[in-house]
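Worksheet: the structure to be examined is printed underneath.
The values are calculated or read from the model by the stated rules, or taken from the named source; none is laboratory data. Since this is a predicted model, take the numbers as computed values, not measurements. All Cβ positions, even for glycine, are placed from backbone atoms using ideal geometry, and neighbour counts span all protein chains on display.
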Amino acid sequence: MSTLLDPAVITIDLPDIELDPITDPADPIKAHMVSCPPEWESSEVWLAHARLNRLPVKALCGVVFVPSRNPMRHPVCDPCIDEFKARLERASKGEPA
């Protein structure tokens with residue numbers, strides 16, 4: 001049974017708004033990976049809330065930012081990928097993330 005809060009049925013189309021300034025035009029914009037706080041049901045709902053309310057989030061690589069862009073348009077940050085893989089490795093060994 002689906003509910004309105006089921007991430008499989010939520011579609012949130014938000015406009016692309018530029019909130020964070022680009023400090024180095026030669027440095028390409030990267031999409032970052034974040035982990036969902038335990039009090040939220042899914043990262044999609046949490047990120048939509050942060051984007052709508054202009055709240056900062058912390059990426060796996062440590063960068064703090066306000067979500068404002070469509071992450072599907074940009075390559076993923078390499079340090080975020082490395083940290084995600086490290087967390088998967090620790091989880092597969094039964095270690096805490």
Give the residue that is farthest from the chain's Cα centre (by Cα), with candidates limited to residues of segment 1-60 that are among the small types (G, A, S) and at pLDDT 50 or above.
-> A26
Cβ-Cβ below 9 Å, separation at least six or inter-chain, first residue in segment 52-65 and surrounded by fewer than 10 Cβ atoms within 10 Å (Cβ to Cβ), second among the aliphatic types (A, V, I, L, M) and in a strand (DSSP E or B): which pairs?
-> V64/V57
